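Accompanying notes for the structure given below.
Where a number appears in this text, it was derived from the coordinates with a stated rule and is not lab data. Predicted model only: the values in this text are computed from it and were never measured. Using ideal geometry, Cβ is built from the backbone for each residue, glycine included, and neighbour counts are taken over all protein chains shown.
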Amino acid sequence: MHSTRQTDVYIAIDFGTTFTGVAWMVPTGPDSRIDVLPGDPVAQKFPTILAKHEPGKWGSDCQNMYEEDKWRAFKIYLDQDQLRKAHECGVSWAPDSADRALKIAKDYLGHLHDHIRRHLPASTSTNDQLEINPFSHKSWGDCKIDFIFSVPTTWDWGQRAAFRDIVNKAGVGRERNHQIILGLTEAEAASVYALCTRKDGSFNKNDTILSIDMGGGTTDIAFVEVEALNPHKIKLVQQVKGVDSGSMWIDKDFERFAADELGASKNAQLKRISHEMSQGNPFQHQKLRLGVPERPNMLEIPIPRNGLCNIHGMNGEKTTITLPRRELERFFDSQFNKIAICTDDALNNFRDGVQKQVDHVVLSGGLGGSKYMLTELKDWISKKGPRWVNGATVHVCPKPQLAVVYGLLMNQRQNVLQTRIARVNIGVVEKEDNEKLPQGTEIHWLLRRGQKRTTGQEFSKTFVKSIHYKGNKLWNVEVFRSDNDSRYLPNTTRDGVESIGVLSVEFTGRLRKRNMLMAKVPYKVSLHIDAVGDYRVEISGEHVNSSTHLHPIQE
């Protein structure tokens, strides 16, 4: 179990739409050193790219391939709604099916896992500042390794469970001493990182922080309150939110612009060229530079050489397309407006529930490091946002693109975020051994979505089982979950409620025949929250045992 297992190495993985971050830590105490396993030399992350036709190539290996020969942005298509929308809009690079999207993600994560397995032991051996090197006396398989993955706010329980299955099929956690943990959301992890890295007195006890993680495909929002500064402790004060907004959508807007400039409406090859341009270094560089003073009003984006001969009537003379800076700003504004609407809605819900001012806004993620987005956000907060955020100080995380992996490990190191908000309802039903529950059976909910829960906390219910003194001493407790809003949570087994396991229960004591033929046996069903935030269901009582155990329930 998590509580007794002494981990040798923690590996944090932020599987992103455009880039994937990896960091690691050998736990030696509250100041355990955190190191990044670098991928791309600039981003310090691994490009989330997989070659279509060359099985061994992934990440930076695909840098010089044509766009039509590689898979990009496939993480977002793990959401079947996004995949359906892509098919409706005729997005050519979207996987043709949900199964294909799952396989692409599995193959990519398999390559990433193999890379970590090959390179991490070498990184520890050359790290002079490492107090303990577990790989000096243990093999990769013998080391107790926890792989901690961040999860998008927009994923529901089913999507998180499906992702965990993909990760396992990719080979992660397959070794006897390795395990997979679905950790904090991106915004929660960024909040932890922001608090732990600020040493200048920026944050005070009881301050409220709005964390906005602007990534490649999604933006996550979380509200936390500073509970303590030494050691650092924060608590989640409102359920996290998310919106499908990020840097990849800016790329898509530019791709449409480039296609129009090239006259690609009826030319499939030119459509591919416009896609190539949206992912090329010249445009990506202009994205990064937007917001820097003294930039030209007209930006020249080169047309790839393989596209020049396809521009009819130009005889190869047209070598660039001109992108007005205001047009690029409009692409950014489109994403910012979606984020502002989501943030405004979250702020109104926050005010209704908490009645407090927001003291700080923390930006993280690749898009969160954009100077243009920072300027727009500051202007929105001071002039257009609700009054309870107008005076907030805006901070950008020191390494915004790596904030999530750092935050995941810092939280593991010090358990910074102890109080979170349940994202799932969990309930139980007592039933006879091998009984099939009829539709409409009453569920006893132990935990409700939106309820605050803390590491080590227990939610329980006591039941009384009637047993005939000559009868069967075995029965079952079935565990259910639901993603429904707790205000409209059904009290019975029906649509929106899913079984996640059955515990076999046995009374092992002696029953004596007295005046009554039936004996009353009390027992307790408990839902424990362990150190990594997983839920564990246990049965207890005098002479009452459970012979089965459920896997930890992860949100």
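Considering only C-alpha atoms, what is the centroid distance from segment 153-201 to segment 389-468, in Å? Their Cα centres are 15 Å away from one another. Once the Cβ-Cβ distance of Ser540 and Asn484 is raised to the sixth power relative to R0 = 30 Å, the FRET efficiency obtained is 0.60.
Sequence gap at least 6, Cα distance under 8 Å: using those rules, report the relative contact order of segment 247-330 to the nearest whole percent. Walk me through the numbers before you get to the answer.
On the way: 76 pairs, mean separation 23.1, N = 84.
The value is 27 percent.
I'd like to know which of Ser278, Val394, Thr28 lies farthest towards the positive end of the charge dipole of the chain, counting +1 on Cβ of Lys and Arg and -1 on Cβ of Asp and Glu. So the residue we want is Thr28.
Quick check: residue separation of Asn348 and His115 times 0.36 nm, minus the Cα distance between them. What number comes out in nm? My answer for the length gained is 79.4 nm. Computed extension length for Glu300-Gln63: 83.1 nm, one decimal, from 0.36 nm per residue of separation with the Cα-Cα distance subtracted. Here the mean projected area of the convex hull built on the C-alpha positions of segment 109-223 is 9.7 nm². Of the DSSP H helices in the chain, those that are both long (alpha-carbon extent of 24 Å or more along the helix axis) and hydrophobic (Kyte-Doolittle mean at least -1.0) are 98-125, 325-354.
Gain on full extension, evaluated as 0.36 nm per residue between Gln439 and His53 minus their Cα-Cα distance, stands at 134.1 nm.
Please compute the contact order of the chain in relative form: average sequence separation of alpha-carbon pairs under 8 Å and at least six residues apart, divided by the residue count, as a percent.
Details: 1085 pairs, mean separation 68.9, N = 555.
Relative contact order comes out at 12 percent.
Model label points for Ser334 and Asn206, set 7 angstrom from Cα along the Cα-to-Cβ axis, are 4.5 nm apart.
Based on Cα atoms of segment 76-165, Rg over Rh with Rh as the Kirkwood radius reads 1.14.
Taking segment 151-170 and a reference point 7 angstrom along Cα→Cβ of Ser499, the backbone N atoms nearer than 19 Å belong to 158.
Would you mind ranking Ser540, Ser150, Ser211 so that the residue whose beta carbon has the fewest other beta carbons within 10 Å leads the list?
Values: Ser540 13, Ser150 26, Ser211 32.
Exposure proxy ranking, most exposed first: Ser540, Ser150, Ser211.
Separation of segment 219-256 and segment 45-89, taken as the distance between their Cα centroids, equals 24 angstrom. Estimated purely from DSSP H runs of n ≥ 4, each contributing -39500 (n - 2.57), the mean residue ellipticity at 222 nm for the chain is -9000 deg cm²/dmol once divided by its residues.
If the viscosity is 0.890 mPa s and the temperature 25 °C, what translational diffusion coefficient in µm²/s does Stokes-Einstein give for the chain when Rh comes from Kirkwood over Cα pairs?
Numbers: Rh = 25.8 Å.
Rounded, D is 95 µm²/s.
The Stokes-Einstein estimate for segment 9-186, based on a Kirkwood radius over Cα pairs and taken at 20 °C with 1.002 mPa s viscosity, is a diffusion coefficient of 125 µm²/s.
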